[in-house]
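The structure under discussion appears below in the form of structure tokens.
The values are calculated or read from the model by the stated rules, or taken from the named source; none is laboratory data. Everything numeric here is computed off the predicted structure, so don't read it as measured data. Because the Cβ atoms are built from the backbone with ideal geometry, glycine has one as well, and the counts that use them run over all protein chains shown.
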Amino acid sequence: MDTDFLVIGAGFGGLGAALTLAEAGRSVTLCERLNYPGGCAGTFKRKGLAFEAGATLFSGLDDNQLFGRWRQKHRMDFEVEWLNPAIRFISNAGQLDIGLNKASVISQIVATAPEKETNIRAFFTAQSRVADSVWQLLEHPEQIPPLNWKGLLKNAQWATGRLELFKYVNKSLGEVLTDFGVRDVPMLRELCDGACQITVQTSAAQAEALWALAILDFFFRGTGHIKGGIGALAHALVKAIQDAGGQVNYTDGVRSLTPHGRGWKAKTRRGEYTVKHVISNLLPHDTWRLIEPSPPKPAWIEKKEKAIEAGWGAVMRYGVLPGHADMPQEAFHYQLVHDADAPLQEGNHFLISVNDVSNSNLLEPGQRTFTLSTHVPLQKYWSLPEPERGDYVNEVQANIDATLLHRAPVWLQKPEWWMSGSPRTFVKYTGRHQGAVGGIPKTKGLSNYPLFPKTEIAPSLWGVGDSYFPGQSTYSTALSGVKVAQSLLG
């Protein structure tokens, strides 16, 4: 079979690339190893019940953002709930309801340290200027690297008008909090740590300030809940690809890639393709293993692989909560921190996402499915002897129980039943090397600003997803796919 473009993996990077190519009328086939789309941001079923693969909030849904524009253009049939609060954050400093109104969030923080009101408001004024500028780029993919000359000119014009932003380059968010005299405001410091951990995958003390300041607006930038789970959006993107003439194959993982002329021969579970370009929504390790014969690995790929392995995996809970009179009827999210002075990992910190009451007719009245996720260091997990990894996961689950008991309302503390997940689970079901999730942490440094980021793994073989610029979040992985597709379309 012949196709111009073969896309490997129906994660959001692959979906973004395939839809962009199909919209342009190009011949594109997307092959997915699982029987559903979305990858680590998909919705899977167990016992007839739907669960989010990862506990998450979802941005980019406003009409002027990528998913919002696709929704209108392709008349996608999914329903968005704008939750208020979008998330309830509870830590040492107390409770913070993060809703649609940013001014309300700032006022809640000020109320915890009224003597610091001037400093807090000055910090958020500066933060908002950064966020407005960066999100303007994220909402216009043509201005995101890799840039053609037209995009480079637009970027230069954008940067010239925002020279004040450069003072946040190669600086940590923690340093910025110190500059504004607010690092000693516990609620703000703990919020920054928590927000950074679930977005740029590191602490505020380590996070590159420009990105971290922008990502603090994540909660206010088209962030909502999709009824039926994130998988509803993934399925809607698949339908849009098919309606535009693209082909999507489930349970058809790619097994090998062999150079063929200026393109590739791709063997999948179901057949063989001759293709001009391959776009891989896999980790670099997993893409490289497909190439036969295996060529010498470029230094930049090895560097990226090491950065991924130095990052994160996750320990998960998927389960069912009993009904309770105090539980909201709509979907909701809690972010809980047991001890804000300890690392936000291994059950000391987690995000729990609870679906709305309409999630399944197989549940008893009032029951709800939930997904809970906590970070675990990949190197620590895989360095353990295999028999000890199960013990380690059990310890993390015990820490989760302690955090729930200490911070959560009583109706979140005792599920009807739950099943555990670990990096090994992600290896088994998603095929990701070592079960890595979340992308490469955006730590302080100039490497966060590539004008021409490398995405071509080998001639006519391109990478997209959370390992490639712009990196973390489902929105950003979709943008990475759009950018590579646009660059190939010329």
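Here are the numbers:
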| read-out | value |
| --- | --- |
| Single residue of segment 276-304 satisfying the filter (part of a helix (DSSP H, G or I) and of a type in the set (V, I, T)) that is surrounded by the fewest Cβ atoms within 10 Å (Cβ to Cβ) | I301 |
| Given (1) surrounded by 22 or more Cβ atoms within 10 Å (Cβ to Cβ); (2) under 19 Å from Q472 (Cβ atoms), number of the condition A310 does not satisfy | (1) |
| Condition broken by G439, with the remaining ones in (1) more than 21 Å from the chain's Cα centre (by Cα); (2) at positive phi; (3) not aliphatic (A, V, I, L, M) satisfied | (1) |
| Of all residues making up segment 391-422, the number that are without any contact (Cβ under 8 Å) to a residue 60 or more places away in the chain, touching a helix residue (DSSP H, G or I) at 6+ places or on another chain (Cβ under 9 Å) and more than 28 Å from H324 (Cβ to Cβ) | 1 |
| Failed item, numbered, when V275 is tested on (1) within 17 Å of the chain's Cα centre (by Cα); (2) over 25 Å from K428 (Cα atoms) | (1) |
| Meets criteria (in contact (Cβ under 8 Å) with a residue 40 or more places away in the chain, over 23 Å from N92 (Cβ atoms), in the same structural domain as P409 (by the TED database) and part of a loop (DSSP other than H, G, I, E, B)) for M316 | no |
| Filter result for the condition that a residue is surrounded by fewer than 21 Cβ atoms within 10 Å (Cβ to Cβ) and assigned to a helix (DSSP H, G or I), over L177, L210, L191, L165 | L165 |
| Failed condition for N35, given (1) surrounded by 21 or more Cβ atoms within 10 Å (Cβ to Cβ); (2) not in a helix (DSSP H, G or I) | (1) |
| Condition check for R317: under 30 Å from D97 (Cα atoms) and either surrounded by 15 or more Cβ atoms within 10 Å (Cβ to Cβ) or under 25 Å from the mean Cα position of the chain (by Cα) (or both) | yes |
| Given (1) assigned to a loop (DSSP other than H, G, I, E, B); (2) modelled with pLDDT of 95 or more; (3) among the small types (G, A, S), number of the condition A236 does not satisfy | (1) |
| For L153: the one exception among (1) more than 26 Å from the chain's Cα centre (by Cα); (2) surrounded by 14 or more Cβ atoms within 10 Å (Cβ to Cβ); (3) modelled with pLDDT under 75 | (2) |
| Q345 being under 26 Å from T477 (Cα atoms) and of a type in the set (S, T, N, Q) | yes |
| Residue match in segment 4-26 (condition: polar (S, T, N, Q), touching a residue at least 60 places away in the same chain (Cβ under 8 Å), touching a helix residue (DSSP H, G or I) at 6+ places or on another chain (Cβ under 6 Å) and under 30 Å from H260 (Cβ atoms)) | yes |
| Selection count where residues are farther than 18 Å from A214 by Cβ and in a strand (DSSP E or B), scope segment 81-106 | 9 |
| Any hit, segment 79-102, residues being touching a Pro at 6+ places or on another chain (Cβ under 9 Å), surrounded by fewer than 21 Cβ atoms within 10 Å (Cβ to Cβ) and of a type in the set (D, E, K, R) | yes |
| Unique match (being in contact (Cβ under 8 Å) with a residue 40 or more places away in the chain, of a type outside the set (F, W, Y) and not assigned by the TED database to the domain that holds G60) among T477, T455, T443, T425 | T425 |
| Which listed residue, of R221, R255, is of a type in the set (D, E, K, R) and not assigned by the TED database to the domain that holds Y36 | R221 |
| Tally, over segment 427-446, of residues that are in a loop (DSSP other than H, G, I, E, B) and not β-branched (V, I, T) | 9 |
| Within segment 47-78, considering residues that are charged (D, E, K, R) and out of contact with any strand residue (DSSP E or B) (no Cβ under 7 Å at 6 or more places or on another chain), the one surrounded by the most Cβ atoms within 10 Å (Cβ to Cβ) | R71 |
| Residue list for segment 196-207, restricted to those being within 17 Å of the chain's Cα centre (by Cα) and in contact (Cβ under 8 Å) with a residue 24 or more places away in the chain | Q197, I198, T199, V200, Q201, T202, S203, A207 |
| Wholly enclosed helices (runs of 4 or more DSSP H) of segment 352-426 bearing at least 2 residues surrounded by 15 or more Cβ atoms within 10 Å (Cβ to Cβ) and either at pLDDT 95 or above or of a type in the set (F, W, Y) (or both) | 378-383, 386-407 |
| Positions within segment 447-480 being closer than 21 Å to P298 by Cα and assigned to a helix (DSSP H, G or I), in sequence order | S447, N448, S480 |
